[in-house]
Each structure stands twice: as structure tokens, then as C-alpha cells.
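What follows is one structure encoded as C-alpha cells, with my remarks underneath.
Each value in this text was obtained by applying a stated rule to the coordinates, not by laboratory testing. These numbers come from a predicted model, not from an experiment. A quick note on method: Cβ atoms are made from the backbone with ideal geometry, for glycine too, and the neighbour counts reach across all protein chains shown.
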Amino acid sequence: EDQVTQSPEALRLQEGESSSLNCSYTVSGLRGLFWYRQDPGKGPEFLFTLYSAGEEKEKERLKATLTKKESFLHITAPKPEDSATYLCAVRVFSGGYNKLIFGAGTRLAVHP
Amino acid sequence: GAVVSQHPSWVICKSGTSVKIECRSLDFQATTMFWYRQFPKQSLMLMATSNEGSKATYEQGVEKDKFLINHASLTLSTLTVTSAHPEDSSFYICSARESGGGGGYTFGSGTRLTVV
């Protein structure tokens, strides 16, 4: 069964304190791993797509990496505005369609 | 960038009534759209895949007769929650992917449904 597990469930950081979020996955055929940011009461906002092991992508204070079993979202010198829930999803082919399977997310709180 | 508009953003309805939620791709065509449901502090659960001009594909455990999906054009999909009950109260989110759009799925802003 395709599965996505994110850790930790919640993370509290001081402003400027770098850290990493983990997304481990077990899928029959990975067709891309996606990272999203979700603010309360809003839809997810796209951050990155990674397709192959060893791939890395960066955007401002965020950097996403991918291995054959997991992905990390590194947050460097976070600011309070980085507080949000970060969702990881894998795209799989099932039932004739590509679809996303989401992890439960990591709730990040960055305090000044 | 690709934009998906979802309407309404919140709705309160009485138990037993039906509610329709719209999802529009504003600047691109989407042959496939997706409907998700999200409970508080939980992740997104795919309910169904909406296909333009054909029947939607529902995930296991999702009642087709309760959650009616119509994808009548390349820019509009609707989800109707029929005979709503309090347990249907949730956050409903749609998404679509632009063809050749770099791989990202764009999500709507979500609809908070409260059934009283």
C-alpha cells in the first residue's frame, strides 16, 4: 500500500534556528514528490516538485532534497512568517490516473 | 502562474439540504480536477478525480450518491454534497494541474462546510 509519513508532527523553532522536516514514503512507483505549504483555513500552496533521487531544489530559506526512500525540507534561518503546516505528497498511478497521496503534515511554529 | 478559484469559501447549511461547491481554473484548461476533504489537523484525503466530459472516479469509501461531481467544461468542476448531515462538516479543497505546468498541482482556497 502506498504510504507517506511525515515527521515530526509539530515543530517549534526560534527565529533563526535552522531545522529539517522529514517525509518518508513507500510507493509502488514514484512519479514525483511534492512539497506544499498550508496556512490555516487556506488551500495548499505549491513549493517544490522532485522527481529523482539526488535532486535538490531551493526557494528562499527552503531547500528540498530527495532520496529513494525519503525527502527532507530544510529550513535555514526561519522567520515567523514561515510558520505554517508543511505537507508532503507523492504522485502515484492508480486506477488509471495519476493522483497525489498526502502525508499528515508538519506544523511549524517559528517564534521571534 | 496557474490559479484555481473555489467558491464559496464557507457555507452553513441545514441538515438534509444540498450544497454545491464550484472549482474553476482561471487561466488554464484542466481536463482533470481533484476533490479533497480535510478534517482539523489532518491531511488531505482524496475523494474523487473529476474528468471533463465523463464520470468521476471515486476513492474507496466515498459515497458517489452523496458527493455528486460534475465536470462540464475544461475550466469548471462542481461538487454537490447531497442531503448533508453534521458529519459532512469539513474543509473541502479542489485542485487541478496545468498541462505542461512544471509538475505542480494548483489548489483552490478551500470551502469550509458546516452542517447544522
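Residue by residue, here is whether (1) within 14 Å of chain A (Cβ to nearest Cβ); (2) surrounded by 14 or more Cβ atoms within 10 Å (Cβ to Cβ) holds:
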site: B:K14; (1), (2): no, no
site: B:T17; (1), (2): no, no
site: B:P40; (1), (2): yes, no
site: B:L46; (1), (2): yes, yes
site: B:L76; (1), (2): no, yes
site: B:H85; (1), (2): no, no
site: B:Y92; (1), (2): yes, yes
site: B:G108; (1), (2): yes, yes
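Can you tell me which residues in the stretch A:58-85 are out of contact with any strand residue (DSSP E or B) (no Cβ under 7 Å at 6 or more places or on another chain) and either among the charged types (D, E, K, R) or under 24 Å from B:Q42 (Cα atoms) (or both)?
Scanning the stretch A:58-85 gives A:E58, A:E60, A:K68, A:E81.
Scan the stretch B:74-87 and give yes if some residue there is assigned to a strand (DSSP E or B) and under 23 Å from A:Q3 (Cβ atoms), otherwise no.
Checked the stretch B:74-87: no residue is assigned to a strand (DSSP E or B) and under 23 Å from A:Q3 (Cβ atoms).
Among the residues of the stretch A:41-89, which ones are buried (at least 20 other Cβ atoms within 10 Å of the Cβ) and over 14 Å from the mean Cα position of the chain (by Cα)?
Selection gives A:G43, A:P78.
Conditions tested, residue by residue: (1) more than 10 Å from every other protein chain (Cβ to nearest Cβ); (2) over 19 Å from B:R97 (Cβ atoms); (3) of a type in the set (D, E); (4) touching a residue at least 40 places away in the same chain (Cβ under 8 Å).
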residue	(1), (2), (3), (4)
A:G29	yes, no, no, yes
A:F34	no, no, no, yes
A:G43	no, no, no, no
A:E56	yes, yes, yes, no
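Identify, please: which residue in the stretch A:39-54 is among the charged types (D, E, K, R) and touching a strand residue (DSSP E or B) at 6+ places or on another chain (Cβ under 7 Å) and is, among those, farthest from A:A89 (Cα to Cα)?
That would be A:D39.
Name every residue in the stretch A:85-112 that is out of contact with any Lys or Arg (no Cβ under 9 Å at 6 or more places or on another chain), farther than 18 Å from B:A56 by Cα, part of a strand (DSSP E or B) and facing another protein chain (nearest Cβ under 7 Å), in order of residue number.
A:F102
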